[in-house]
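**Student:** Submitted below is the structure of interest, expressed as structure tokens.
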Number of protein chains: 2
Amino acid sequence: MNAPLDPEQARRTEELYAPLTRSLRRLVDVTIRSEAGDADVKRAHRLIDEAAELLGGRLHPEPHPVRTTTEGRFLTWGNVAIGTRNAIAPPLDLRRDETGRVTTDVALGSAYEGPAGHVHGGICALLLDHILGATAHRPGKPAVTGTLTIRYVAPTRLGPLHVEAWVDRDTESKTFACGHITDENGVVSVEAEGVFIRPKAKS
Amino acid sequence: MNAPLDPEQARRTEELYAPLTRSLRRLVDVTIRSEAGDADVKRAHRLIDEAAELLGGRLHPEPHPVRTTTEGRFLTWGNVAIGTRNAIAPPLDLRRDETGRVTTDVALGSAYEGPAGHVHGGICALLLDHILGATAHRPGKPAVTGTLTIRYVAPTRLGPLHVEAWVDRDTESKTFACGHITDENGVVSVEAEGVFIRPKAKS
């Protein structure tokens, strides 16, 4: 692991990369939907390579960087669900209420497709794994998934979705959580149950 | 839906976009790992916007394009697991043996991260949902996920992975499939069971 980042330096880096990553999400989307002419596609390809050269010219020394701040915060920039520097992440913006319920609203486009016009079942699982897991995190004690069961009760169309999760019951080391995905009209398409484990601190 | 594409035109379009999409996957990866200076990051951002303008200038008329060929083949260009025009897709390259077993080898980098240095549990679910589902597809009868149960038995490190799935039992309309993810040494980190449904043809 590298030297921890000063929090102010971390904030500045995030401010620099977040807008670039938003542009990159748009580029991922239009790459699927484009009907541009051959010359424009080839020109776009060259620009993409040029951008990758600029960013790739100086890389973090680790192939899979783990970045922390001097305050001990783990920087989730690369997280595939919430990462501000990860163009794969929609990204999810989680809200947590005083009862521990976690919710998010997200609009998924063509880049998350499985069956024609619909969200891939595995992406539904990703959304639910992440949000159910979020109900189980405690300060300084992140939780990992033990088991996850997903029931697909109706197709999930691409477009705006609401995802929520809540704690069913809790023990010292485990959280049993439930959740679902609904469409704009509140109709449930996917339900989930999960057991999340907070690994014991090494003594 | 738009007019179906001539197969030769579909092949040419795919040949044009597949290398661009490979470059775009590299750009997604280095955006997470870069330690480039501010000026280079800003220049890369402008190039990304320029590429998005070129590709976004002429888009498919549907927000979530469904493309077929005149031979009736559904083009999975945007599929988030296997799509050749989707930079989110690793993409998976599935092999199927004569017994119906489906396998794939894939190397996942920082863009698929959950816990530091490890694959996100939801991405493991995506890999397994897709590959288990592939055991259930029959010619002209795609299968959709009914239920999926995932057991996380050990952390899955970023890097090279092997994923496989097989049919446990089969009925006219349902396939019960099993599968797992292993590392380079054959150690299982995630196990899955799923029920996949082939919707009845509308009569």
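**Student:** What GluC sites (Glu not before Pro) does region B:36-79 have in DSSP loop regions with at most 13 other beta carbons within 10 Å?
**Tutor:** Here the sparse-neighbourhood loop sites are B:GLU71.
**Student:** Whenever you get a sec, compute what percent of the accessible area on region B:1-89 sits on carbon and sulfur atoms (1.4 Å probe).
**Tutor:** Of all accessible area on region B:1-89, carbon and sulfur atoms account for 49 percent.
**Student:** Would you pull out the residues with amide H under 5 Å of A:LEU75's amide H, same chain only if 5 or more places away, H placed 1.01 Å from N?
**Tutor:** So A:LEU75 has HN proximity to A:ARG67, A:THR68, A:THR69.
**Student:** Mind listing the long-range amide H neighbours of A:ALA36? Cut-off is under 5 Å, sequence gap 5 or more, other chains count too, H placed in the peptide plane at 1.01 Å from N.
**Tutor:** Sorted by chain and number, the residues that satisfy this are B:ARG58.
**Student:** Under a point-charge model restricted to the Cβ atoms of Lys and Arg (+1) and Asp and Glu (-1), what is the dipole moment magnitude of the protein assembly as shown relative to its Cα centre, in debye to the nearest 20?
**Tutor:** 220
**Student:** In chain B, which helices (entire DSSP H runs) extend 15 Å or more along their own long axis, judged by Cα positions, while averaging at least -0.5 on the Kyte-Doolittle scale?
**Tutor:** Span-like helices in chain B: B:38-56, B:121-136.
**Student:** Which Cβ of chain B lies nearest the axis of the rotation superposing B onto A, and at what whole-Å distance?
**Tutor:** Spelled out, residue of B and its Cβ distance from the axis onto A: B:ALA125, 2.
**Student:** Now a separate question. When each copy gets a label point 7 Å from Cα toward the beta-carbon at A:THR182, what are the spacings between them in nm, shortest first?
**Tutor:** Reported distances to equivalent positions: 4.4 nm.
**Student:** Kindly give the distances from B:HIS162 to its copy-mates, label point to label point, with each label point 7 Å from Cα along Cα→Cβ, as nm values to one decimal ordered shortest first.
**Tutor:** Once sorted, the set of distances for B:HIS162 reads 4.6 nm.
**Student:** Dipole magnitude of region A:1-89 about its Cα centre, charges +1 at Lys/Arg Cβ and -1 at Asp/Glu Cβ only, in debye to the nearest 20?
**Tutor:** 120
**Student:** Can you tally the net charge around B:ARG157? Count Lys and Arg as +1, Asp and Glu as -1, for every other residue whose Cβ sits under 14 Å from the Cβ of B:ARG157.
**Tutor:** That sum, taken over residues with Cβ under 14 Å, equals -4.
**Student:** I'd like the accessible area for A:SER173: 1.4 Å probe, protein heavy atoms, all chains in place, Å² to the nearest 10.
**Tutor:** Spelled out: A:SER173, probe radius 1.4 Å, area about 40 Å².
**Student:** Separate question: Run lengths n ≥ 4 of DSSP H only: what is the helix-derived mean residue ellipticity at 222 nm for the protein assembly as shown, with -39500 (n - 2.57) per run over all residues, to the nearest 500?
**Tutor:** Taking each H run of at least 4 residues, the total per residue is -10500 deg cm²/dmol.
**Student:** Go from 0 up to the bin containing the longest alpha carbon distance in region A:1-89, width 5 Å each, and give me the % of pairs per bin.
**Tutor:** 3, 12, 17, 23, 18, 11, 8, 5, 3, 1, 0
**Student:** Also, I was wondering about something else. Output the relative contact order of chain B, whole-number percent, from Cα pairs under 8 angstrom with separation of 6+ residues.
**Tutor:** 17
**Student:** Quick one: which residues, 5 or more positions from B:THR156 or on another chain, have an amide H under 5 Å from its amide H? H modelled 1.01 Å from N in the peptide plane, none for Pro or chain starts.
**Tutor:** B:VAL119
**Student:** Report which residues of region B:66-85 become buried by 10 Å² or more of accessible surface when going from the isolated chain to the complete set of protein chains (1.4 Å probe; DNA, RNA and ligands ignored).
**Tutor:** By number: B:VAL66, B:ARG67, B:PHE74, B:GLY78, B:ASN79, B:VAL80, B:ARG85.
**Student:** Rank these by accessible area, largest first, 1.4 Å probe: A:TYR17, A:TYR112.
**Tutor:** A:TYR112, A:TYR17
**Student:** Next question, about the same structure. Starting from the exponent 0.38 and prefactor 2.2 Å, build the expected Rg for chain A from its residue count and divide its actual Cα Rg by it.
**Tutor:** 1.16
**Student:** How would B:LEU94, A:LEU27 rank on accessible area, largest to smallest, probe 1.4 Å?
**Tutor:** Descending accessible area places them as B:LEU94, A:LEU27.
**Student:** Given A:PRO61, A:ALA107, A:VAL119, which one lies farthest toward the positive end of the charge dipole of region A:50-122, if we put +1 on the Cβ of every Lys and Arg and -1 on the Cβ of every Asp and Glu?
**Tutor:** Final value for the positive-end residue is A:PRO61.
**Student:** What list of ³J(HN,Hα) couplings, whole Hz, do you get for region A:149-162 from phi and the Karplus terms 6.51, -1.76, 1.60, once you set θ to phi - 60° and write x for glycine and proline?
**Tutor:** My calculation for region A:149-162 gives 10, 10, 10, 9, 8, 7, x, 9, 6, 4, x, x, 10, 10 Hz in order.
**Student:** Moving to a separate point now. May I ask you to report, in nm to one decimal and beginning with the shortest, the distances from A:GLU98 to the same position in the other copies, taking label points 7 Å along Cα-to-Cβ?
**Tutor:** 6.8
**Student:** Rounded to the nearest 100 Å², what's the accessible area chains B and A bury against each other, both chains counted, probe 1.4 Å?
**Tutor:** Approximately 7700 Å², summed over both chains.
**Student:** Another question, if that's okay. Let me spell out the model: positive unit charges on the Cβ of Lys and Arg, negative unit charges on the Cβ of Asp and Glu, origin at the Cα centre of chain A. What dipole size does that give, in debye rounded to 20?
**Tutor:** It comes to approximately 540 debye.
**Student:** How large is the convex hull of the Cα atoms of the protein assembly as shown per residue, expressed in Å³ as a whole number?
**Tutor:** 154
**Student:** What net charge is computed for the residues neighbouring A:ASP49, neighbours being all others with C-beta under 14 Å from the C-beta of A:ASP49, Lys and Arg scored +1, Asp and Glu -1?
**Tutor:** Overall, the nearby charge balance is +3.
**Student:** Here's a follow-up. In whole percent, how big is the carbon plus sulfur part of the accessible area of region A:92-197, probe 1.4 Å, protein atoms only?
**Tutor:** Carbon with sulfur: 52 percent of the solvent-accessible area.
**Student:** To continue, here is another question. Say a site is exposed when it is one of the trypsin sites (Lys or Arg not before Pro), sits in a DSSP loop, and has at most 11 other Cβ atoms within 10 Å; what is then the longest site-free stretch of chain A?
**Tutor:** With trypsin sites (Lys or Arg not before Pro) excluded where exposed in loops, chain A gives A:1-199 as its longest stretch.
**Student:** Also, quick follow-up: With every protein chain present, what accessible area does B:GLU193 have (1.4 Å probe, heavy atoms only), rounded to the nearest 10 Å²?
**Tutor:** Roll a 1.4 Å probe over it and B:GLU193 shows about 90 Å².
The values are calculated or read from the model by the stated rules, or taken from the named source; none is laboratory data. All figures in this text were calculated on a predicted structure; none of them were measured in a lab. Cβ coordinates were reconstructed from backbone atoms using ideal geometry, including for glycine residues, and neighbour counts include every protein chain displayed. We work out accessible area using only protein heavy atoms, side chains counted, and drop any ligands, DNA or RNA first. Shrake-Rupley method; radii C 1.70, N 1.55, O 1.52, S 1.80 Å.
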